[in-house]
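*Asks:* So that we are looking at the same thing, I have put the structure below in structure tokens.
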Amino acid sequence: MTLRRTPLAAALFSIGTVSLAVSLPAWAQTAAPSGTETAPQKAPSAAPATASQATPHDTGALPTVQVNDAVDKNTFQVETSTVGAKAPTALRDIPQAVTVIDRALIDSQGVTSFQDALRNAPGVTIGGAEGGSIGNNVNLRGFSARTDIYLDGFRDRGQYYRDTFDLEAIEVLYGPSSMLFGRGSTGGVINQVSKQAQLAPVSEVSAQVGTNDRYRTTVDIDRALSDTAAFRINAFGQSVGSTRDEMRNKDYGVAPTVKFGIGTPTTVTLSALIQHNRDMPDYGVPPVNGHPAPVDKGTFYGLTDDRTIQDVQIVSARIDHRFSDSLQLRNQTQYSHYVTDARETGPSAVLTGPLPTSTALTHGNFTTLPLSSLFVRIGSHDRVISDQSLYNNTDLISKFVTGPLHHELITGVELGHDSYSNQATSRSNLPITPLLDPIYTSTPANSTTTIGNYANAGANSLAAYANDTISIGEHWKVVAGLRWDRYQAHILNTISLPGYASQTNNYTSVRTGVIWQPTEEQSYYASYGTSFNPSLETLTVTNGQQNLPPESNRSYEIGGKWDVLDGNLSINSSLFQINKTNARTAVSTGVYELDGNIRVNGFQTGASGRITKNWLVFAGYTYLDAEIVEAADGTQGNTPANVPRNTVTLWTTYQPLQHWEIGGGVNYMSSRYVANNNLVSVGGFARWDATVAYLQKKYDLRLNLLNLTNKYYYDSLIPSDGGRAVPAIGRTVLLTGTYRF
């Protein structure tokens, strides 16, 4: 394959290929020996898939997400996604960076949690339970994405710990994207792609056992109900321990879906997700002398009767109708209900003595005292949270021609309602425990519970949008989108301030991109996008911020995407800048203004697919230069919390013999600050994993070794209470058996 080069093309291609070579270990940069081929090589790339071409049937409704439908599903390589255009679109036609973590990669790594799967997406960092938030708290390119997690294109704003048992893929779209998704999406959005009912039968049972008393089983059954209808059900149950003391999670879930009209002009899809979690909360360790306290990685500062109970019910209905190959209509409705009942404790302060009146350290907890003379005050974080959402989307997808221009136009309307309540309580007379050797105990008998603030909030949203992909001749495309949002929210507090607040925000978001595709194997783009963050975006508010207009964000990005090695390996590279030019900043106690400025400059590159017929790779690298350019709270010039300068992800597998697979990889992250004040930091780390598998048509046996070197590093960061850090798991062995019938 010969690629035509231009100065821009040569520069971006060189950056992408050099980064890939640096990311791979030395042994992986040599040609692999030939072995028995177990999967066909991908044919050279065809013409880009359009919204109508990417459907699974010649005549049928447009699916929510159709990932990699034309590619061997054991290559880690994905060609299409909906996350960048609200309809199946070739990645080369999306003028932004996109990472898709497919099912093959998830299974190869033995990944079971949403959080662990996201380690494959460079630029993603994890936050812990913070303030009124529980569940998956994710940062993307330096900005919080807690309310930017989606399930099949719908906002999945509930505060729960997500699982991968019913997911076909996870899509990460980088950069502000309010034109596609509405409020939020400063650093990007994350879309979970559910497994869909299909006519081809599926019968799969999997069991996993591991060190530290880890047990898990999953079931995936799909059956055709007729020539045009199918039913599928996924389920899981697990009891999972950890190298962290007292950590034990007991969870289960079921996800049924039924589809009617498969292969016909009209399809109806009904689906649900029901999940129950009973997990042990982990608030990590407190800082001492500007870093997490140097205690054993298993050290736990909570109480043994802590627990987080979460119940999730999500139901959705979808109707797709194809009038013709050039005109389709889609209507979707989703109702979600999330309840969290949390009794949680964690380190709230480091004391210089064992008494409640002992001096508490502050500002990074710097001290010359020996660690053996320090103590930890335990504080409670108890609350009952209820979230509900009801959304309806209607999209009209049309293709038409105006003179020399070919259009693929998506127009739509979105209606939504969210409600939120949070009843806080607190426990008194909780223990003070030694820093180095904490006492593991339950809530003391003399502890009393006090009812705290009750917050009740709601929001109504209305949006109209249009996104047009215009093809100009054979090699050029222009993407232009416009969205108008009306977001009306209110909150009522019984104790906390403000007692009552309401906002109505009207905002217009834009998105534009220019794409040049000199050949089918090359695509270069430049894009611009905006997003907005209302003060009541999460249906919570800090007093003093309730009367402020939304924060605004702008993104600039240039990049390239290539298919090399006869289309078997996809490479991408991009340079970007995100500006939040009116960030909320405290000018005095309880007084905020939109005078802040946060800027993130960065570079991202990645590769996925097949290097040889038996050698697969998934790799990514992100460089983030983040700075609080302006702030009135003393943080000007600092690096934003939980933003590493460098992140690397690599996973590669090789089949030396028929039926056998070996592989491994590394996750690297440089040092991060726990909070914007830059007083506490955690060091960088490199975690190595490995796998070996025996693969048969009817069954698989896979051994995964996590954190091979037993590296002591910190996984998630929590800015409050002086800045806490949660140690990651130590060396863990998993054995998974999968049987197909």
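The values are calculated or read from the model by the stated rules, or taken from the named source; none is laboratory data. This structure is a prediction, so every number in the text was calculated from the model and none was measured. With ideal geometry, Cβ positions are generated from the backbone for all residues, glycine too; neighbour counts draw on all protein chains shown.
*Asks:* So for the range 435-448 (the condition being part of a strand (DSSP E or B) and in contact (Cβ under 8 Å) with a residue 24 or more places away in the chain), does at least one residue qualify? Don't jump to the end; show me each part of the working.
*Replies:* Let us first name the residues in the range 435-448 that are part of a strand (DSSP E or B), namely none.
No: zero hits.
*Asks:* Is it true that Thr359 is surrounded by fewer than 22 Cβ atoms within 10 Å (Cβ to Cβ), free of Cβ contacts under 8 Å to residues at least 60 places away in the same chain, closer than 30 Å to Thr433 by Cβ and β-branched (Val, Ile, Thr)?
*Replies:* yes
*Asks:* Here's something else I'd like to know. Report whether or not Glu627 is out of contact with any helix residue (DSSP H, G or I) (no Cβ under 6 Å at 6 or more places or on another chain) and either in contact (Cβ under 8 Å) with a residue 60 or more places away in the chain or crowded, with 17+ Cβ neighbours inside 10 Å (or both).
*Replies:* Here the answer is yes, as Glu627 does meet what is asked.
*Asks:* Hey, another quick one. Filtering the range 667-706 down to residues that are of a type in the set (Val, Ile, Thr) and crowded, with 18+ Cβ neighbours inside 10 Å, which residue is farthest from Phe618 (Cα to Cα)?
*Replies:* Val680
*Asks:* What strands (runs of 3 or more DSSP E) lie completely within the range 637-741 and have 1 or more residues being touching a strand residue (DSSP E or B) at 6+ places or on another chain (Cβ under 6 Å) and under 19 Å from Asp107 (Cβ atoms)?
*Replies:* Fully inside the range 637-741 and qualifying: 646-654, 660-669, 685-695, 699-706, 732-740.
*Asks:* Next question. With respect to Tyr528, is the statement that it is closer than 24 Å to Tyr174 by Cα, at pLDDT 95 or above and not small (Gly, Ala, Ser) true? I'd like the intermediate steps shown before the answer.
*Replies:* On the way: closer than 24 Å to Tyr174 by Cα: yes; at pLDDT 95 or above: yes; not small (Gly, Ala, Ser): yes.
Taking the combined requirement at face value, the residue satisfies it.
*Asks:* Among the residues of the range 413-430, how many are among the polar types (S, T, N, Q) and crowded, with 19+ Cβ neighbours inside 10 Å?
*Replies:* Qualifying residue count, the range 413-430: 1.
*Asks:* Another question about this same structure. Which condition from (1) within 28 Å of the chain's Cα centre (by Cα); (2) more than 30 Å from Glu414 (Cβ to Cβ) is the one that Ser496 breaks?
*Replies:* (1)
*Asks:* Let me ask something else. Within the range 463-479, identify whether any single residue is among the small types (Gly, Ala, Ser), closer than 30 Å to Asn533 by Cβ, touching a residue at least 24 places away in the same chain (Cβ under 8 Å) and surrounded by 17 or more Cβ atoms within 10 Å (Cβ to Cβ), and answer yes or no.
*Replies:* Taking every residue of the range 463-479 in turn, at least one turns out to be among the small types (Gly, Ala, Ser), closer than 30 Å to Asn533 by Cβ, touching a residue at least 24 places away in the same chain (Cβ under 8 Å) and surrounded by 17 or more Cβ atoms within 10 Å (Cβ to Cβ).
*Asks:* Let me ask another. From the set of residues in the range 368-409 that are in contact with an Asp or Glu (Cβ under 8 Å, 6 or more places away or on another chain) and among the acidic types (Asp, Glu), which is surrounded by the most Cβ atoms within 10 Å (Cβ to Cβ)?
*Replies:* Glu408
*Asks:* To continue, here is another question. From the list Ala607, Ala626, exactly one residue is within 14 Å of Ala121 (Cα to Cα), assigned to a strand (DSSP E or B) and among the aliphatic types (A, V, I, L, M). Which is it?
*Replies:* Ala607
*Asks:* Can you go through Ala317, Ala349 and tell me which one is farther than 24 Å from Asn137 by Cα, surrounded by fewer than 22 Cβ atoms within 10 Å (Cβ to Cβ), among the aliphatic types (A, V, I, L, M) and modelled with pLDDT of 95 or more?
*Replies:* None of the other options fit; the residue is Ala317.
*Asks:* Out of Gly237, Gly210, which single residue is under 30 Å from Thr299 (Cα atoms), among the small types (Gly, Ala, Ser) and free of Cβ contacts under 8 Å to residues at least 60 places away in the same chain?
*Replies:* Answer to the selection: Gly237.
*Asks:* Okay, moving on. Every residue in the range 213-226 that is over 26 Å from the mean Cα position of the chain (by Cα) and in contact (Cβ under 8 Å) with a residue 24 or more places away in the chain, please.
*Replies:* Narrowing the range 213-226 to residues over 26 Å from the mean Cα position of the chain (by Cα): 213, 221-226.
Passing the criteria: Asp213, Asp222, Ala224, Leu225.
*Asks:* Continuing with the same structure: Return the pairs, sorted by first residue and then second, in which the second residue is not in a strand (DSSP E or B), the first residue lies in the range 585-606 and is surrounded by fewer than 16 Cβ atoms within 10 Å (Cβ to Cβ), the beta carbons are less than 7 Å apart, and the residues are 6+ apart or on different chains.
*Replies:* Sorted first by the residue in the range 585-606, then by its partner, the pairs are Val587/Ala632; Gly590/Asn543; Gly590/Gly544; Val591/Gly544; Asp595/Ala632.
*Asks:* If you don't mind, another one. Return the residue satisfying two criteria in turn: it lies in the range 103-144 and is among the aliphatic types (A, V, I, L, M) and part of a loop (DSSP other than H, G, I, E, B), and of such residues it is modelled with the lowest pLDDT. Walk me through it before giving the result.
*Replies:* So the first thing to find is which residues in the range 103-144 are among the aliphatic types (A, V, I, L, M), and the list is 104-106, 111, 117-118, 121, 124, 126, 129, 134, 138, 140.
Then drop every residue that is not part of a loop (DSSP other than H, G, I, E, B), which leaves 111, 121, 129, 134.
Values: Val111: 93, Ala121: 95, Ala129: 64, Ile134: 81.
Among residues in the range 103-144 that are among the aliphatic types (A, V, I, L, M) and part of a loop (DSSP other than H, G, I, E, B), the one modelled with the lowest pLDDT is Ala129.
*Asks:* What do you reckon, is Asp102 under 15 Å from the mean Cα position of the chain (by Cα), closer than 23 Å to Phe618 by Cα, among the charged types (D, E, K, R) and buried (at least 22 other Cβ atoms within 10 Å of the Cβ)?
*Replies:* When the stated conditions are applied, Asp102 passes them.
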